[in-house]
Amino acid sequence: MYGFLIGVGILLLLSIIWMVYRIQTLVSVVKGSDKKIASSSNKVNALLFVLFMIGAGVLMFWYSIKEFDNYQLPIASEHGAVTDNLFWVTMAVTGVIFLITHVLLFWFPYKYQYSEKRKASFYPDNNKLEIIWTTVPGVVLAILVFTGWMAWSDITAPAPENAHVVEIMGYQFAWEVRYPGADNVLGDYDYRLTSAINSHGVDFTDLNSIDDFPSPVVVIPKGEPVLFKIRARDVLHSVFAPHMRLKMDAVPGMPTRFWFVPTKTTAEMRAELGDPEFEFEIACTEICGRGHFSMKKVIEVVEPAEYQAWLAEQKSFIQQNPALAENLPAELKEVAEIQLSEQ
Amino acid sequence: MATASIANHDTSHDSHEHEHHDNFVTKYIFSTDHKMIGKQFLVTGIFWAVIGGFLSILFRLQLGFPEMDLEWLRPLLGGWIDETGKLDPTFYLALVTMHGTIMVFFVLTAGLSGTFSNFLIPLQIGARDMASGFMNMLSYWFFFLSSVIMFISLFIPTGPAGGGWVVYPPLSALEQAIPGSGLGMTLWLIAMTFFIASSLLGGINYITTVINLRTKGMSFSRLPLTIWAFFLTAVIGLLSFPVLFAAALLLVFDRSFGTSFYLSDIYIGGEALPNTGGSPVLYQHLFWFLGHPEVYIVLLPALGITSEIIATNSRKPIFGYKAMIISMLGITILSFIVWAHHMFVSGMNPFLGSIFMFLTLIIAVPSAVKVFNYLTTLWRGNLVFTPGMLFSIGLVSFFISGGLTGIFLGNSAIDIQLHDTYFVVAHFHLVMGSASFFGLMAGVYHWFPKMFGRMMDARLGYVHFWATFVGVYMVFFPMHYIGIAGFPRRYYSWTNFAFSDMYTDLNMFVSVAAIITFGAQFIFLFNFFYSMYRGRKASLNPWRSNTLEWTTPLHPGHGNWPGEIPAVYRWPYDYSKPGAEEDFIPQTVPLSETPESNLPHEQEQVKIELEIMKDEDEVLVPNESES
């Protein structure tokens, strides 16, 4: 029934369009306007460009201003302030060009619409103009690129020695987090060691991995450099922390990294936004399969003192699951057992 | 084959001797006539555009109306609608993938470049046909075969390829990762192989034809900008498509023969795979070595078409003809050395990121020059708004809007946040998708009279333009806001994240706009097919244009000109020349016949021209008496 009604509706619509079409064709033949170079529609089209410009322009400014706080995510990292600044500078520069070119593009059709009395100017070239509008955009772009390059170099420079290391591993369809423990060095891993009890594939024969511990959330201290070591276990993923202005692909077989300095704790953001539920999030931005849209991890930014307290409370992989230490060589087993006895 | 050999015949012969009677198969199916092949590409392109557009409506329904009961789509999609009436998330990815593949390759490469390079190159340079009519025919039929395979892949039980149109491995290499990477991906790869073969066959033909078969007097500095654009497009395609083939071939090896070009350290489906040492980033480099030039393969023909249409309908020479050529050359060369700007956060060395940022922003300069030249062409023109002209102006608008957002994305520091968000989606849909689509539409409206000898209805064209122009902006402009807010691409739903759990209203708006815009295309479809049979008979030169194709008969036969191929005496943009009676002087009018409008340097050329004409007459006369 539903389908039948839709069918009838479409049929009706089509026949109306058909009638209108036939009528206007006949009218134009009667009026002889199809013989003219430019019929009265020329004026209408010219006017529509101006109307479109005004209408769309008003809509754009109104919405951009009204929604500013919605689409402008709060910044919570040091480099985020720099890249956002670059973004808005670029927006200002391109915005001006956008407006000027579009005003000309939509006003010229109105101003220079066809008239039998007029002849267009024969104006094939002007080298001076060409040179001006080659060099001016060139210089402007050079400035933008240069500032962008400075920021990019700083962001991608090696992380400071004292950076807190966190390993983030992507897999279908979640993230797992590993901390290096007291030595601040992550232990080796090998994807072939991955199993139900060792989802990270941590190689516990490496001394550095004995104190490594997992965490359900990414906890990091405010105001101190943090280094994300990023990898993937199956397909490509990408770590995206929108408030941190951070994004880096997770590549199987090729570990990547991104370091940054968080500037606001979760508590501070909650107060600032008046949203007690607020959390920093990590999402996946590289298509990875069915659950691509649901790879969420929470980042909790805390004061450095809180961070230290939290670190002290954490239990290593081996403490959480002593079975992992079973097949270790004797001397490593000893270290592991000491750790277990400290619990 | 009689039909293929006609291009080789002495041009001074009377072509009536050679009139051959095609049967249905040689005329409409296995045709070697470039005009028919162009139309074949066009109709196939339109078919794919409808499919590609329809797929986008399906996933826009999911994004705009996530709560909607899609049970009514079950007759079409079957099991891809789950028990609760929701679209399957895997199939959502397949939709996105196929939409991208179809639109980029089948519509905007084959449908645009294939149609107009084939149709216009011989007509505008004054040739009987392509250099090799047979290869040209093969080019279409490889494309057709590719289309059939890709179309079949839409209906297989595991679904078509679903790894995004870029099909990055390991996702596209491992069936365990997503069902679409099984048979669907195999069919994708086979289809693309045939597609690449088709592109190369076409491209070689375009290049050789432009170089070798230009008519008398048609020097490179007198070529219409359309031909320059098609020529450079073919060069880009010829150099970059083989690299995609290489990338695809290695992917085939990884998928089927156990090699590890792209695979390393993978644990999936409860088992560790043996592959080590490969690099997924290698694939990305290879893919984007085609992928970025591909953007210009799609865009340059549209820009060429626009240059021609804007000049004609402004009744003014295109401003800065040489600057236009130089900027197209610049774009051609630069397009090969900017590919890694798609990979700033792929994990490649950040130093490479710096290099590619510099190179990328250089390419913005020739693009800017083109825009300014278009604007100056409109300035003080005498503008006739044919539907083709409207679409051309629309193209310039999209080219500006989408081009400017490229300056954000080309800046690696800013790209960190924007990469793979809806900002990117908005950017390339405007600058590449919509701009090229408008180029295609402009071309169809403008050359329809030459293709079918009839006019398309102008008023329906106006309605189609305004609905589409407004519609495209309503669809893609809001995506900038969504992108700045950080909404990632290829997401089935955004409600899992607090930061993106908003803008349901805006997404709904976008979806409604998309549906209306898609619906408006049916106005075009009606106009196109109806006018083909019932449209008003066209005059020989309906737009009062200068280029050679308008000197052919209303229905040019195989060989294009019944008599001798006309010679060319001037550039194609002598519109509104001071002193001239009409506001256009076709390329076939000798300078010696227009002393009233010649510029001083042209007056000097008249003498040389007359000498050449005299010499040629002496050669031609004995020739003709023989025949």
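The values are calculated or read from the model by the stated rules, or taken from the named source; none is laboratory data. Predicted model, so just to flag it, every value in this text is computed and none were measured. Don't worry about glycine lacking a Cβ; one is built from the backbone with ideal geometry, like all the others, and counts go over all protein chains shown.
For region A:79-95, give me each residue that is free of Cβ contacts under 8 Å to residues at least 40 places away in the same chain and not hydrophobic (A, V, I, L, M, F, W, C).
Hits for region A:79-95 are A:ASN85, A:THR94, A:GLY95.
So, in region A:118-152, exactly how many residues are under 24 Å from the mean Cα position of the chain (by Cα), at the interface with another protein chain (Cβ under 7 Å from one of its Cβ atoms) and either surrounded by fewer than 18 Cβ atoms within 10 Å (Cβ to Cβ) or among the aliphatic types (A, V, I, L, M) (or both)?
The number of residues fulfilling the criteria is 4.
Output the number of the condition that A:PHE108 fails; it satisfies all remaining conditions of (1) part of a helix (DSSP H, G or I); (2) more than 7 Å from chain B (Cβ to nearest Cβ); (3) not basic (Lys, Arg).
Result: A:PHE108 passes all but (2).
Scan region B:353-404 for residues that are of a type outside the set (Val, Ile, Thr), buried (at least 23 other Cβ atoms within 10 Å of the Cβ) and either in contact with a strand residue (DSSP E or B) (Cβ under 9 Å, 6 or more places away or on another chain) or outside any helix (DSSP H, G or I) (or both) and jot them down.
Correct list: B:GLY381, B:ASN382, B:LEU383, B:PHE385, B:MET389.
Taking the condition more than 26 Å from B:GLY381 (Cα to Cα) and either assigned by TED's automatic domain parsing to the domain that holds A:GLU300 or within 39 Å of the chain's Cα centre (by Cα) (or both), does A:GLN24 pass?
no
A quick yes/no check of all residues on (1) β-branched (Val, Ile, Thr); (2) at pLDDT below 95; (3) not assigned by TED's automatic domain parsing to the domain that holds B:THR115:
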| position | (1), (2), (3) |
| --- | --- |
| B:PRO242 | no, no, no |
| B:LEU249 | no, no, no |
| B:VAL252 | yes, no, no |
| B:GLY270 | no, yes, no |
| B:GLY278 | no, yes, no |
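Test each condition in (1) touching a helix residue (DSSP H, G or I) at 6+ places or on another chain (Cβ under 8 Å); (2) of a type in the set (Ser, Thr, Tyr); (3) touching a residue at least 40 places away in the same chain (Cβ under 8 Å) for B:THR158 and report the one that comes out false.
Going through the list (1) touching a helix residue (DSSP H, G or I) at 6+ places or on another chain (Cβ under 8 Å); (2) of a type in the set (Ser, Thr, Tyr); (3) touching a residue at least 40 places away in the same chain (Cβ under 8 Å), B:THR158 breaks only (3).
Enumerate the helices (runs of 4 or more DSSP H) found wholly within region B:405-521, keeping only those where 3 or more residues are of a type in the set (Val, Ile, Thr) and more than 30 Å from A:VAL27 (Cβ to Cβ).
Result: B:458-484.
What are the residues in region B:143-196 that are among the aromatic types (Phe, Trp, Tyr) and either surrounded by fewer than 22 Cβ atoms within 10 Å (Cβ to Cβ) or farther than 16 Å from A:ASP234 by Cα (or both), if any?
Keep residues of region B:143-196 that are among the aromatic types (Phe, Trp, Tyr), which gives B:143-144, B:151, B:155, B:165, B:168, B:188, B:194-195.
Within region B:143-196, B:PHE143, B:PHE144, B:PHE151, B:PHE155, B:TRP165, B:TRP188, B:PHE194, B:PHE195 meet the criteria.
For region B:98-133, which residues satisfy the criterion of being polar (S, T, N, Q) and in contact with a His (Cβ under 6 Å, 6 or more places away or on another chain)?
Within region B:98-133, B:ASN118 is the sole residue that qualifies.
Can you pull out every residue in region A:230-257 that is touching a Lys or Arg at 6+ places or on another chain (Cβ under 6 Å) and over 24 Å from A:ASP84 (Cα atoms)?
A:PRO255
So that you can scan it fast, the table gives a plain yes or no per residue for (1) modelled with pLDDT under 90; (2) in contact with a Lys or Arg (Cβ under 7 Å, 6 or more places away or on another chain):
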| residue | (1), (2) |
| --- | --- |
| B:PHE526 | no, no |
| B:PRO553 | no, no |
| B:HIS558 | yes, no |
| B:ALA567 | no, yes |
| B:TYR573 | no, no |
| B:PRO578 | no, no |
| B:SER597 | yes, yes |
| B:GLN605 | yes, no |
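Is it true that B:SER576 is surrounded by 20 or more Cβ atoms within 10 Å (Cβ to Cβ), out of contact with any helix residue (DSSP H, G or I) (no Cβ under 8 Å at 6 or more places or on another chain) and touching a residue at least 40 places away in the same chain (Cβ under 8 Å)?
In short, yes.
Condition first: closer than 19 Å to A:TRP259 by Cα, among the charged types (D, E, K, R) and either surrounded by 17 or more Cβ atoms within 10 Å (Cβ to Cβ) or in contact with a Phe, Trp or Tyr (Cβ under 6 Å, 6 or more places away or on another chain) (or both). Now tell me which residues in region A:190-226 satisfy that.
Hit for region A:190-226 is A:LYS222, nothing else.
Considering only region B:260-294, state which residues are in a helix (DSSP H, G or I), among the aliphatic types (A, V, I, L, M) and surrounded by 19 or more Cβ atoms within 10 Å (Cβ to Cβ). Quick ask: steps written out before the conclusion?
First pass over region B:260-294, keeping only residues in a helix (DSSP H, G or I): B:280-294.
Restricting the remaining residues to those that are among the aliphatic types (A, V, I, L, M) gives B:281-282, B:286, B:290.
Residues satisfying the conditions are B:VAL281, B:LEU286, B:LEU290.
Yes or no: region A:262-269 includes at least one residue that is closer than 29 Å to A:GLU337 by Cβ and surrounded by fewer than 22 Cβ atoms within 10 Å (Cβ to Cβ). Please lay out each step first, then the result.
Within region A:262-269, the subset closer than 29 Å to A:GLU337 by Cβ is none.
No: zero hits.
Give me a count of the residues in region A:44-66 that are away from chain B (no Cβ under 12 Å) and either surrounded by 15 or more Cβ atoms within 10 Å (Cβ to Cβ) or touching a helix residue (DSSP H, G or I) at 6+ places or on another chain (Cβ under 7 Å) (or both).
The total comes to 1.
Residues checked against (1) closer than 14 Å to B:THR97 by Cα; (2) in the same structural domain as B:ARG214 (by TED's automatic domain parsing); (3) within 23 Å of the chain's Cα centre (by Cα); (4) among the basic types (Lys, Arg):
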residue	(1), (2), (3), (4)
B:LEU123	no, yes, yes, no
B:ASP129	no, yes, yes, no
B:SER147	no, yes, yes, no
B:GLY159	yes, yes, no, no
B:VAL167	yes, yes, yes, no
B:LEU171	yes, yes, no, no
B:ALA177	no, yes, no, no
B:SER181	yes, yes, no, no
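Quick one: is B:ALA311 assigned to a helix (DSSP H, G or I), touching a strand residue (DSSP E or B) at 6+ places or on another chain (Cβ under 8 Å) and either more than 10 Å from every other protein chain (Cβ to nearest Cβ) or not β-branched (Val, Ile, Thr) (or both)?
Yes, satisfied.
If you check A:GLY170, A:GLY187, which single one turns out to be part of a loop (DSSP other than H, G, I, E, B), in the same structural domain as A:LEU236 (by TED's automatic domain parsing) and surrounded by 14 or more Cβ atoms within 10 Å (Cβ to Cβ)?
Going through A:GLY170, A:GLY187 in turn, the sole match is A:GLY187.
Which is farther than 22 Å from B:THR101 by Cβ, within 13 Å of chain A (Cβ to nearest Cβ), among the aliphatic types (A, V, I, L, M) and touching a residue at least 60 places away in the same chain (Cβ under 8 Å), of B:LEU418, B:LEU404? Before you say what the answer is, go through the steps one by one.
On the way: B:LEU404 fails: touching a residue at least 60 places away in the same chain (Cβ under 8 Å).
Just one listed residue meets the conditions, B:LEU418.
Would you kindly identify the strands (runs of 3 or more DSSP E) lying entirely within region A:192-246 that contain at least 1 residues that are under 30 Å from B:HIS419 (Cα atoms), within 13 Å of another protein chain (Cβ to nearest Cβ) and modelled with pLDDT of 95 or more?
Here the list reads A:226-232, A:237-241.
Can you tell me which residue within region A:32-63, out of those that are at pLDDT below 75 and part of a helix (DSSP H, G or I), is nearest to B:PHE526 (Cα to Cα)?
Within region A:32-63, the match that is nearest to B:PHE526 (Cα to Cα) is A:ASP34.
Can you name the residue in region B:451-499 that is more than 9 Å from every other protein chain (Cβ to nearest Cβ) and touching a Lys or Arg at 6+ places or on another chain (Cβ under 8 Å) and, of all such residues, is surrounded by the fewest Cβ atoms within 10 Å (Cβ to Cβ)?
In this case the residue turns out to be B:GLY453.
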